[in-house]
Amino acid sequence: LCRRGLLIRPLVDGPLRENVRQRFRALGRLMGHALREGFIVPIPLAEEVFALVLGEPLGPDALPRPGSGRAGELVGALADFAAELASAQAKLVADAAAEGRTLSADELRAWRTEQGQRTDFGERFLSSHAGTEEPVTQEPMSFERYCSLVEPCFLENGLSGAPLCPDGENKPVTLDNIQEFVDSAAHFWYDSGVSAQIGAFRAGLNDVFPLECLVTFSPVELREMFCGEDRIEWTEEQLLNHLHPGGGLTDKSPTYKFLVAELLEMSQAERSRFLDFVSSCPRLPPGGIAKFHVDVFPDTCANKQGFPRSRACANQLYLPPYTSKDELHSKLHEAMHCSAGHHEQRVRDL
């Protein structure tokens, strides 16, 4: 799991991988049936998963970076350093050629050593730039100093995990083999380590409908089609259009107005809980609020001390006659947090 969503854990050949492969086929069937029937499966799979399903190759650029929230951020940091090292060396060679010179192996080795000793390695490659928070200030740190302290080697995430080559735990990452390490890690993360899982997932989908049906869509589009939208966005106008009052409740009713005002103030996590409470799905379908509706009714059997209740199978919400927004806020949030999607009707009588 990372901030982009769920990624597939790469595995080496063995009984565990075979067991996981069978589960991925079942997951493919489940998601295929859901898509065919017009439902979403609210599992936050990352965009990279659907890129692999489409057969798109993923390389070092897809590796996690500092701030991504997943083990393996070091691999992405080293990938960035290796890419900059290769780019700068290519430019150095090209500039020398333009001057009619050819750099010797000793000159290139001396230049690479100099790059490995630059003390801004930590600031350039280890700082997190994710989110809105300011990155943590890094102490002056060179690549060589960092490697002497951390001792990265040819393992899955640079420090632990499956070996990327025979005796990988005893093969340190150096200036001379850093590109080999990055290529090996990317190959394991997005090819050899996940090919069985992706193949099984594709087979599960193909059990429901031909995979050719998906090739015209991008990974982003497939993610929304299968898993729903990441963010829950709505405006007052949209809520008024898609929250349908009934049973004597109108858009002029105080309780209905309290509900609209409360939904506008909810955080993303609270909106997700509300959707789960009224529909048993914490995400909006593809198309967002425009493809979603809730029927809102008065709960004529309850007093203002009661809790809201829902019929999630029909997207129906029943509200007691609250006399203030604060009352609705308190009872609705308690119902959402305590019910895990369904509030027991008998609770309102206690």
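The values are calculated or read from the model by the stated rules, or taken from the named source; none is laboratory data. All figures in this text were calculated on a predicted structure; none of them were measured in a lab. Please note: Cβ atoms are built from the backbone with ideal geometry, for glycine as well, and neighbour counts cover all protein chains shown. With ligands, DNA and RNA removed, areas are computed over all heavy atoms of the protein, side chains included. Shrake-Rupley method; radii C 1.70, N 1.55, O 1.52, S 1.80 Å.
Quick look at the numbers
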| quantity | calculated |
| --- | --- |
| Average Cα contact separation per residue, the chain, under 8 Å, 6 or more apart, as relative contact order % | 18 percent |
| Amide H partners (placed H, <5 Å) of residue 244, local residues excluded | 294, 295, 296 |
| Contact order relative to length of region 1-79, as percent, for alpha carbon pairs under 8 angstrom and 6 or more apart | 33 percent |
| Residues with amide H under 5 Å from that of residue 171, placed H, sequence gap 5 or more | 154 |
| DSSP-loop trypsin sites (Lys or Arg not before Pro) across region 211-282, with at most 10 other Cβ within 10 angstrom | 231, 252 |
| Å² per residue, accessible surface of region 1-102 at 1.4 Å | 54 Å² |
| Full-extension gain in nm, residue 123 to residue 17, via 0.36 nm per residue minus C-alpha separation | 34.4 nm |
| Å² of accessible area per residue within region 142-241, as computed with a 1.4 Å probe and no ligands counted | 47 Å² |
| Potential extension, residue 242-residue 151 segment - 0.36 nm per residue separation minus Cα distance | 27.1 nm |
| In region 52-159, GluC sites (Glu not before Pro) in a DSSP loop with at most 15 other beta-carbon atoms within 10 Å | 99, 133 |
| Karplus-derived 3J(HN,Hα), 6.51/-1.76/1.60, for each residue of region 77-93, Hz, glycine and proline x | 5, 5, 5, 5, 5, 5, 5, 5, 4, 5, 5, 5, 5, 4, 5, 4, 5 |
| Label-point gap, in nm, between residue 267 and residue 58 - each point 7 angstrom along Cα→Cβ | 2.8 nm |
| Accessible surface of the chain, 1.4 Å probe, proportion on carbon and sulfur as whole % | 52 percent |
| Beta bridge orientation in the chain: antiparallel %, DSSP, nearest 5 | 40 percent |
| Acute angle (nearest 10 degrees) that the helix 195-206 long axis makes with the longest principal axis of the chain, alpha-carbon atoms | 40 degrees |
| Sequence-separation-based contact order of region 123-229, relative, with Cα cut under 8 Å and 6+ spacing, percent | 14 percent |
| GluC sites (Glu not before Pro) within region 227-274, DSSP loop, no more than 15 other Cβ atoms inside 10 Å | 233 |
| Proximal lysines to residue 304, defined as alpha-carbon separation beneath 28 angstrom and excluding residues fewer than eight positions away on the same chain | 252, 257, 325, 331 |
